[in-house]
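Written out below as structure tokens is the structure these notes cover.
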Number of protein chains: 2
Amino acid sequence: MAFEHLTDIPLEKAKTEYMELLIKNGMAPRTESVPVAEANGRVTAGPVYARICSPYNNVSAMEGVALDAELTSGAGEKTPVTLAAGQYVPVSTGDPLPAGRNAVIMIEDVVKVPAGAVGGELREEIREGEPRETGDGDKEGSRVNDTITINKPAAPWQHIRRIGEDICAGEMILPSFSTVTPSAIGAIIAGGISSLSVIKKPVAGIIPTGDMHIPPENCPEMEDAAAHNAAAHNAAAHNPAMISAMLRGWGAEVISYPAVGGGLSEICGALETALSECDIVILNAGAPAGRAENTAEAIAENGAVMCRGLAIKPGRTAVLGYSGPKPVLGVPGYPVSSIIVIEQILRPIIEYLCRRTPEVDRYTDAVLSKPIVSALKYQEFVRVRMGYVKEQLIASPLGRGSGIVTSFMKADGIVEVPQGVGSYESGEKVRVRILRSEGELRRSLVAIGSHDPLLDELSELLRVGYGDISMGSAHVGSMGGLIAVRRGEAHIAGTHLLDEETGEYNISFIKKILPKGGVKLIECVKRTQGLMLAKGNPKNITGVAGLAGEGLRYINRQKGSGTRILIDYLCRLNGVDTSEIDGYSREEYTHTSVAALIAAGSADAGLGIYSAAKLYDLDFLPVCREQYDLLIPDHAWELLTVQRLLEVLKSAAFRQKLEAMGGYVIENPGTVRFES
Amino acid sequence: MAFEHLTDIPLEKAKTEYMELLIKNGMAPRTESVPVAEANGRVTAGPVYARICSPYNNVSAMEGVALDAELTSGAGEKTPVTLAAGQYVPVSTGDPLPAGRNAVIMIEDVVKVPAGAVGGELREEIREGEPRETGDGDKEGSRVNDTITINKPAAPWQHIRRIGEDICAGEMILPSFSTVTPSAIGAIIAGGISSLSVIKKPVAGIIPTGDMHIPPENCPEMEDAAAHNAAAHNAAAHNPAMISAMLRGWGAEVISYPAVGGGLSEICGALETALSECDIVILNAGAPAGRAENTAEAIAENGAVMCRGLAIKPGRTAVLGYSGPKPVLGVPGYPVSSIIVIEQILRPIIEYLCRRTPEVDRYTDAVLSKPIVSALKYQEFVRVRMGYVKEQLIASPLGRGSGIVTSFMKADGIVEVPQGVGSYESGEKVRVRILRSEGELRRSLVAIGSHDPLLDELSELLRVGYGDISMGSAHVGSMGGLIAVRRGEAHIAGTHLLDEETGEYNISFIKKILPKGGVKLIECVKRTQGLMLAKGNPKNITGVAGLAGEGLRYINRQKGSGTRILIDYLCRLNGVDTSEIDGYSREEYTHTSVAALIAAGSADAGLGIYSAAKLYDLDFLPVCREQYDLLIPDHAWELLTVQRLLEVLKSAAFRQKLEAMGGYVIENPGTVRFES
């Protein structure tokens, strides 16, 4: 079996057939008995009938005296009834009704003889007449009073909680397949039941497979062996940890097995063990990926493969197999692929095994801020950030690579592009599966534009200061940010566009791109741009003029970014032909990623800001100081989120943080520099 | 301090002042370090920065060959480029890019020499040339091929996942106070982090206080000592178990301390211990209730009391105290009171200590099916069942006693009657805090009318058969059911109203009460009504005629119930003056509760159905067989829930269950007997 032979089965068809097949093979929820006190959130396996009544006795609902109501007949203000000690029994709330009594008079309505003392004190005094096992020792000296007076008749059964008032023995407390809540725990225990038959949590086993080690002969130079080991370790660890958390969240128990190599016999051995201990087994190709065909073969040897290959992206290489009634799933090694396959295929199975009514997915319409181009052949799951801009929900597609696990972490929703649909235009209304609450979306600040690590710090300061605000940044460059504001898709846009003629930043571009105005340009910082160079500057780069040198690998920012516009300008200024620069067309989207590639030796130089160079301990050759502003459309100005952002910009904490990062000049952040 | 001195502080004022006071005293979230893999659902205590890039190396995104893109320049169908072994390196998905290479060509685009073999096989063959540590042993015999052909040029950096493509070292993965999700776990581990600083779960201690034992001198005769012990035990156990589940659900850890007596010194001792181990302490008066004043005194001795007594119902006797920064709460012993006090007072504190954005309460409007009369002086929390009838959400108040824990278990919502509001009329639109999802409310079948235990069995069969349907029954008697249907408040109504003139059941009443028609009367069962008598009939009751006898305690059903109408009729028929019957005005709402009171010796006789008598092993004197029908309004007829109910009525399972319960004649359940 080879990659080419993958089937492209539509997802829904595969899901339906897989579930039917497993149920036909005997897959079914199992039950177990648990103490009621530990049953919160569990699902009842059968109807729960009360064993005893609650209350079990007729009990007093008040503090007072219990008596036969008949004794009080005719009692009134002017015709009080006096009762001797034997005619009443003092009772506390919850005390069983003494034999022969059928009413309780609350303590406030008991008039004492001799008069004078009332209420609580009286009660204490009455109680003194009763044997007390747990005396307080602090009420000594009270007088003993045996005779009481009543001046209102008692109705039979008044202030009495009757046997079975809450629950009658034999009554059904909960039907089958009910989720046990805290109050249900109270009711079930009150009904005399101490252990409960509930649906057993299905046990899912995860076996990472494939070559976990990074072959040393292929490794770039590593200065930090610890980091290298961490990287190798993490590649093996992060999928199982992530998958475990998902499965546990849906109600499964998880056994994480040690990773095995990609060989058939190894996989078979691990699978056999897992099948003996689990209800569900997941074979997860590690990163680097193992050989998918061995996964399918191992499943076939221990059961059968229903299908190999789904018409979805990511997740195409999933293997849907089984061993009798137990699902055995081959899940691709890429984290995004594994999330999608496990959510689509395993979640309904776990919900079935938990006998839980599946949560209904919530969908909404949103306007796309960027086009989505999808293969007709596949159903694609595109993660999007969302936020309300001008009362319209805007969806911005996140990185679509199968390895971009942060795209799931950041996602507010998923656009499920159906099979047969090729693309969605920018500005088009699309249906989005929502992953956040309405409130979270309302508190989300949408930043689209130029990248600076200070945006993350703003987001942090917003959370520390105001808790509930989140800020999502899309790094599309300064021009992209201005266009996003023009299209009503962003609350703020970072921008640092140099007007070569005037030497001014941003304003002329705003006039050109947003001729209708309706925006405010907010001062943020001045920051130092320069050439980031490998530590020690081994290639002896002295300035932009030398970038076209032989054996020098440059790494660039994407077109439309302020930094790209700057390097284009600097090259012109220095008479450098950019087509002579090796790597000028190799584009990254952030200062940080340019710095990271230089630090790793994958490039020798790139233009970027000082704070990024400092983060990676790179050499830095300053070339200019530029203005980095935030553009805010008027419609967003009054939003609480935006006003809080302005407060944060003006705060001492922001200033301190940026001073620590280095390379920033902080003058009057948060003030309006220009409006139109 | 006595009951009279309780303050009636408005809830919101108390909550605000309590929170402010605790924060002033230093109450604050604490942090701890946990392994990332175990951090799902936890809240980050600080910003999380990546330690390493992910990917850590430039890695191949495909299976194929890595090479220098320049080698392929000019390659085309007619101008293929041939490469020798040293000019390319076979790579698997995820393999680090070998030094000196800057592009990957996927295996499908590699043309082999000699021609003939393609794709997957080729790859195996290419790989044979590489050292393999974990050989499968199942691919032997492949030829070794060193030379490959390319007929499409490779672009630099194609099919390569760049260093930091997902995460750059130094980048913020998550800001502070973010809830860790499964994909965040993946991202954090990929960023080289293995343990995470998160907000520590606050520890809440629960100390049950008060006299837990039922004083033997006050006990009615007990035949079943085990049940008695169970009842006593449960009274002590069910509050702490319920409260623990609530607190854990909000993110706290819980220590359940053993119950202590109500004495001051005992409470003080337990409180001291708990304060040394917990962040929050709850003193919960057990049922039977302890002495509330000792709770307040114990708190005062270990700290201070901010207030004693809230203007809420239930929950008035709450004590809000503290010991330095630690909240110490005195919570009433009644389960409903304790739920309300803990939810209102402690939930925001736990959310604060967990640094979690509180879930926003959801509210909706609903039409009341019964009036609510509330004391002006208190804010009252009335639990309601809800369901959609005629596209209108109907709210039916549940039992309001503080001891009715099932009212919380059954509640779909809470009507929060504000202080100063005295009552809501039946039919009035009220604001309801919703406790269920919209979907759950849509799948809820509203049954209002006459009681029969078979309704619970219908509810059970609906769940077993269809999983997601729930049925809530309000027992208001047959007349109440007819009126509920008339007012558009119920989907179904159980009814068994005897027309004394014709001997027919229900039809004449429907014509009278629902003259406009629009209903179908569905046959359910015939059932046997009779006198339920204590086991062995010790009072020698021989029929209705003897109910007025000396020393005989009757227990009745409520006015408007079919059974009450029947006993009224039977008494007239037998010439019995009902005012002569002791207990004729003592009313219960279900057959089961009448049976329970007779079984407990609290009454000697009551009219009810055979299945209830059988459940409690009572003697039974049959007096007639009656028709028990279900009335369904036309607007509900087509609902899926109602159609499924009809299926269940016709099922063999229903028949079997009723035969086991006894006293039913099952002919054609589910068929229309009458419509108008």
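Structure notes:
- Annotation for B:K650, label-to-label distances across the other copies: 7.3 nm (shortest first, one decimal, point 7 Å from Cα along Cα→Cβ).
- Cα centroid separation, segment A:386-437 to segment A:601-676 (Å): 28 Å
- Extension gain (nm, one decimal) between B:K650 and B:S265, 0.36 nm per residue minus Cα-Cα: 132.3 nm
- Projected label distance in nm at B:Y589 and B:K511, using a 7 Å step from Cα toward the beta-carbon: 3.3 nm
- Summing Cβ point charges (Lys, Arg +1; Asp, Glu -1) relative to the Cα centre of chain A gives a dipole of roughly 1360 debye.
- Take the accessible area of B alone and of A alone, subtract that of the pair with a 1.4 Å probe, and the total buried over both chains is about 9600 Å².
- Calculated FRET value between A:E17 and B:Q558, using beta carbons and R₀ = 45 Å, to 0.05: 0.25
- The HN-Hα couplings worked out from phi for segment A:169-184 by the Karplus form 6.51 cos²θ - 1.76 cosθ + 1.60 (θ = phi - 60°) are 3, x, 6, 7, 7, 9, x, 4, 6, 9, 7, 6, 9, x, 5, 5 Hz, whole numbers, x standing for Gly and Pro.
- Near-label residues of segment A:621-663 by backbone N, under 17 Å of a point 7 Å along Cα→Cβ of A:S676: A:629-635
- The residues neighbouring A:E425, those whose beta-carbon lies less than 15 Å from its own, together hold a net charge of +1 under the Lys/Arg +1, Asp/Glu -1 convention.
- A Förster radius of 41 Å, combined with the Cβ-Cβ distance separating A:A99 from B:E38, puts the computed FRET efficiency at roughly 0.10.
- Shortest-first nm distances, A:T7 label point to equivalent points in other copies (7 Å, Cα→Cβ): 7.2
- Helix axis angle, A:292-302 relative to chain A longest principal axis, alpha carbon, degrees: 40 degrees
- Projected label distance in nm at B:N668 and A:V464, using a 7 Å step from Cα toward the beta-carbon: 7.8 nm
- Inter-centroid distance (Cα atoms) of segment A:245-319 relative to segment A:1-61, Å: 23 Å
- Here A:S276 and B:E108 are evaluated by their C-beta separation; at R0 = 56 Å the FRET efficiency comes out at 0.90.
- Measure of compaction for segment A:491-604 (Cα Rg per 2.2 N^0.38 Å): 1.19
- Between segment A:322-336 and segment B:535-573, the alpha-carbon center distance in angstrom: 66 Å
- q = 0.21, 0.22, 0.23 Å⁻¹, segment A:361-437: log10 I(q)/I(0) [Debye, one scatterer per Cα]: -0.90, -0.98, -1.07
- Accessible-area value, B:D468, 1.4 Å probe, nucleic acids and ligands omitted, Å²: 50 Å²
- Integer Hz, Karplus 6.51/-1.76/1.60 couplings in order for segment A:528-544, x for Gly and Pro: 8, 9, x, 7, 8, 10, 3, 3, x, 6, x, 8, 6, 7, 10, x, 4
- Peptide B:593-599 has a mean of 6 when you count, residue by residue, the C-beta atoms of other protein chains within 10 Å of its C-beta.
- Taking Cβ atoms as reference points and 15 Å as the exclusive limit, the residues near B:S585 contribute a net charge of -1, counting Lys and Arg as +1 and Asp and Glu as -1.
- 7 Å along Cα→Cβ, label-point gaps from A:E580 to other copies, nm, shortest first: 12.5
- For segment B:292-345, a Kirkwood hydrodynamic radius built from all Cα pairs, placed in the Stokes-Einstein relation at 37 °C and 0.692 mPa s, yields a translational diffusion coefficient of 301 µm²/s.
- Simple spin-label estimate for A:A545 and A:S73 gives 12.0 nm between the two label positions (7 Å along the Cα-to-Cβ direction from each Cα).
- Residues whose placed amide H lies under 5 Å from that of B:L445, excluding near-sequence neighbours: B:S470, B:M471, B:G472
- Relative counts (whole %) of C-alpha pair distances in the protein assembly as shown, using bins that are 10 Å wide: 1, 8, 14, 17, 17, 14, 11, 8, 6, 3, 1, 0, 0
- Over all distinct Cα-Cα pairs of chain B, the Kirkwood formula returns a hydrodynamic radius of 31.2 Å.
- If you take all other residues with their beta carbon under 12 Å from the beta carbon of A:K539, and give Lys and Arg +1 and Asp and Glu -1, the sum is -2.
- Solvent-accessible area, 1.4 Å probe, carbon plus sulfur percent, for segment A:495-675: 49 percent
- Probe 1.4 Å, protein heavy atoms only - accessible area per residue of segment A:296-416 in square angstrom: 31 Å²
- Rounded to the nearest 500, the 222 nm mean residue ellipticity of chain A from helices alone is -8000 deg cm²/dmol, with -39,500 (n - 2.57) taken per DSSP H run of at least 4 residues.
- Just so you know, the Rg over Rh for segment B:522-674 is 1.03, from Cα atoms, with Rh as the Kirkwood radius.
- Measuring with a 1.4 angstrom probe and ignoring ligands and nucleic acids, A:Y88 comes out at about 10 Å² accessible.
- Positions from segment A:395-411 whose accessible area shrinks by 30 Å² or more when the full protein complex is built, not the chain alone, probe 1.4 Å: A:G403, A:I404, A:V405, A:T406, A:M409
- Across A:K390/A:K520; A:K559/B:K152; B:K526/B:K614; B:K13/B:K377, pairs whose alpha-carbon gap is larger than 20 Å: A:K559/B:K152
- Per-residue HN-Hα couplings for segment B:65-77 [Karplus 6.51, -1.76, 1.60; θ = phi - 60°; Hz; x = Gly/Pro]: 10, 9, 7, 8, 3, 4, 4, 9, 5, x, 5, x, 3
The values are calculated or read from the model by the stated rules, or taken from the named source; none is laboratory data. Here the structure is a predicted model, which means the values were calculated and not measured. FYI the Cβ positions are ideal-geometry reconstructions off the backbone, even for glycines, and counts take in every protein chain you see. To get the accessible areas, we keep the full protein, side chains included, count just its heavy atoms, and leave off ligands, DNA and RNA. Shrake-Rupley method; radii C 1.70, N 1.55, O 1.52, S 1.80 Å.
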